[in-house]
Amino acid sequence: MSQETLAGSEAWSSDATGASWITWAELAATDWDEAANEVDECVHEYRRSPDGTWVLHGRNTGLDRFAELAGVTDPHALYRAGRTYPEGTEWPDGDRLFRVGRLRRKHAVPDSDWGAVWSVMRTLASLHGDEGVRLVVWFDG
C-alpha cells in the first residue's frame, strides 16, 4: 500500500480486516456476466425496463410485498429466501419480479456505485499501463 492508504487503513485499527488489491488489468479482463458459484440467500427484486427486459433493482428490497406474495410470515426467512426456495423460484408482481438466483459479478459492483472508480482507473491505466494501476481495499469487521 502507499503511505496514504496505509495510514487510512490503520485509522480503522482493529475493525479493518482482509486487505487486498486488484490491478486494472485484472478488472479489465473480468467477465462481469459470470454467475456466482452459489445461490444468493437474498431474494432479488427485478423491475421491467422500457424495452421489456428484467433489470435487477436490488437484493432484499420490497420485502413487505415479497412476504405477501410468497406467504412468508417468519421475519428471519425474509432475509434468507435463497435457503428456503429452489433457485429460479419466481413471484411476479406486475412490473416487478422477485426471484431466487445467483448474482453476477456486475451486480456485486454496479456501475451506479463503482463507475467513477472504473473511470479513474481506466484513465490512470492509459497513462501508466494496466498493470501499473491497482485498487486497494480492506473490509470492516
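The values are calculated or read from the model by the stated rules, or taken from the named source; none is laboratory data. Nothing here was measured: the structure is a model prediction, and the numbers come from that model. For neighbour counting, all protein chains shown are included, and Cβ atoms are generated from backbone atoms with ideal geometry for every residue, glycine included. Please note that ligands, DNA and RNA were not included when accessible areas were found on the heavy atoms of the full protein model with its side chains. Shrake-Rupley method; radii C 1.70, N 1.55, O 1.52, S 1.80 Å.
Observations on the structure shown:
- Which numbered condition TRP24 misses (of (1) touching a Lys or Arg at 6+ places or on another chain (Cβ under 8 Å); (2) modelled with pLDDT under 95): (2)
- Remark: pairs (first residue in region 91-118, under 13 Å from TRP54 (Cα atoms); second residue of a type in the set (Ser, Thr, Tyr) and in a loop (DSSP other than H, G, I, E, B); Cβ separation under 8 Å; 6+ apart in sequence or on different chains) = ARG99/THR89.
- Inter-residue pairs, beta-carbon under 8 Å, first within 29 Å of GLY88 (Cβ to Cβ) and in region 23-41, second at pLDDT 95 or above and β-branched (Val, Ile, Thr), 6+ apart: VAL39/VAL100; ASP40/VAL100
- Tally, over region 68-88, of residues that are of a type outside the set (Gly, Ala, Ser), within 12 Å of PHE98 (Cβ to Cβ) and not in a loop (DSSP other than H, G, I, E, B): 3
- Residue in region 78-87 that is touching a Phe, Trp or Tyr at 6+ places or on another chain (Cβ under 8 Å), more than 23 Å from VAL117 (Cα to Cα) and at pLDDT below 95 present: yes
- Selection count, region 78-115, where residues are over 12 Å from ASP40 (Cβ atoms), basic (Lys, Arg) and exposed (fewer than 15 other Cβ atoms within 10 Å of the Cβ): 1
- Checked against the criteria, ASP64 does not count as at pLDDT below 95, of a type in the set (Asp, Glu), in a helix (DSSP H, G or I) and under 27 Å from TRP138 (Cβ atoms).
- Qualifying positions in region 16-33 - closer than 15 Å to LEU56 by Cα and in contact with a helix residue (DSSP H, G or I) (Cβ under 6 Å, 6 or more places away or on another chain): TRP32
- Of all residues in region 36-55 being assigned to a strand (DSSP E or B) and open to solvent by 40 Å² or more (accessible area, probe 1.4 Å), the one that is farthest from VAL109 (Cα to Cα): ARG48
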